[in-house]
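Reading through the structure tokens given below for one structure.
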Amino acid sequence: MQDNVVQQVLKRAVLYFECDARRIHHLLKVYTFARNIAVLEGLAGNELVTVEISAILHDIGIKEAERKYNSSSARFQQEEGPGIAREILTPFGLEPGLVDRVCFIIRHHHTYTKIHGIDFQILVEADFLVNIFEEGIKDPDAIRSIKEKYFKTPTGIAYIESVFGVR
């Protein structure tokens, strides 16, 4: 049941971002890294579903932020994202606590001082793994700094070291 919900949320997010291939590809990459890290770190049940849905919907506020503020800044996307996420999630009858946690992570996913919980940590690591590449960050010292500041899971650390060649 839960795996089907995750796949339905993924479908709704892809349809929501219609004709925006860049954002769709971003969410698919973040989702793939987040799910993989979560499974390898031993998450299951609602904790795994929280990671998966948070990864899918983490940037869902961008479209509305651009419409309202003509900006995709982190502040605006974090502000707009939780309400849109709730609308997307409502038809699935998920536990209110799970939806609240997903919305909290979306509201703070660029506020790294708010990271608490393995679910939030994994989303941040997955987003960095994709953003480093998409933003063209090539300086090994910059990548190493990101790793040292923000990566905590053994799987996430192994990935950033392997993908970007930093130790």
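Return VAL166, VAL102 ranked ascending by Cβ neighbour count within 10 Å, so the fewest neighbours appear first.
Least crowded to most crowded, the residues run VAL166, VAL102.
Pairs of lysines 8 or more apart, or on different chains, with alpha carbons under 16 Å: count those in the stretch 2-164, would you?
Number of lysine pairs found: 4.
Can you order the peptides 73-86, 152-165 by their average number of other Cβ atoms within 10 Å per residue, highest first?
73-86, 152-165
Roughly how tilted is helix 74-89, in degrees to the nearest 10 and between 0 and 90, from the longest Cα axis of the chain?
The angle comes out at about 50 degrees.
Would you please give the FRET efficiency between ALA21 and TYR150, computed as 1/(1 + (r/R0)^6) with r the Cβ-Cβ distance and R0 = 41 Å, to the nearest 0.05?
0.90
Given a cut-off of under 8 Å on Cα pairs at least six residues apart, what relative contact order in percent is computed for the stretch 2-164?
RCO, the stretch 2-164: 24 percent.
List every residue whose amide H lies under 5 Å from the amide H of ILE60, counting only residues 5 or more places away in sequence or on a different chain, with H placed 1.01 Å from N in the peptide plane.
none
Of the candidates LEU57, LEU129, LEU43, which one comes out as most mobile in a Gaussian network treatment of the chain with C-alpha springs shorter than 10 Å?
Of LEU57, LEU129, LEU43, the Gaussian network model singles out LEU43 as fluctuating most.
Can you figure out the FRET efficiency of SER71 with ASN36, using R₀ = 25 Å and their beta-carbon distance, to the nearest 0.05?
Step by step, r from the Cβ atoms, then E = 0.20.
Calculate, for ASP139 and ASP100, the FRET efficiency according to 1/(1 + (r/R0)^6) with r their C-beta to C-beta distance and R0 30 Å; round to the nearest 0.05.
0.20
Taking only DSSP H segments of four or more residues, each worth -39500 (n - 2.57), what value at 222 nm results for the chain once the sum is divided by all its residues, to the nearest 500 deg cm²/dmol?
-24000 deg cm²/dmol
Please state the charge dipole magnitude for the chain, taken about the Cα centre, from unit charges on C-beta atoms (+1 on K and R, -1 on D and E), reported in debye and rounded to the nearest 20.
I would put it at about 180 debye.
Return one number: the angle in degrees, 0 to 90 and rounded to the nearest 10, between the long axis of the Cα atoms of helix 154-164 and the longest principal axis of the Cα atoms of the chain.
70
For helix 21-40, report the angle its Cα long axis makes with the longest principal axis of the Cα atoms of the chain; keep it between 0 and 90° and round to the nearest 10°.
The angle comes out near 70 degrees.
Coordinate-derived values only; no laboratory data. This is a predicted model, so every value here is computed, not measured. Here Cβ is always computed from backbone atoms with ideal geometry, including for glycine, and neighbour counts include all displayed protein chains.
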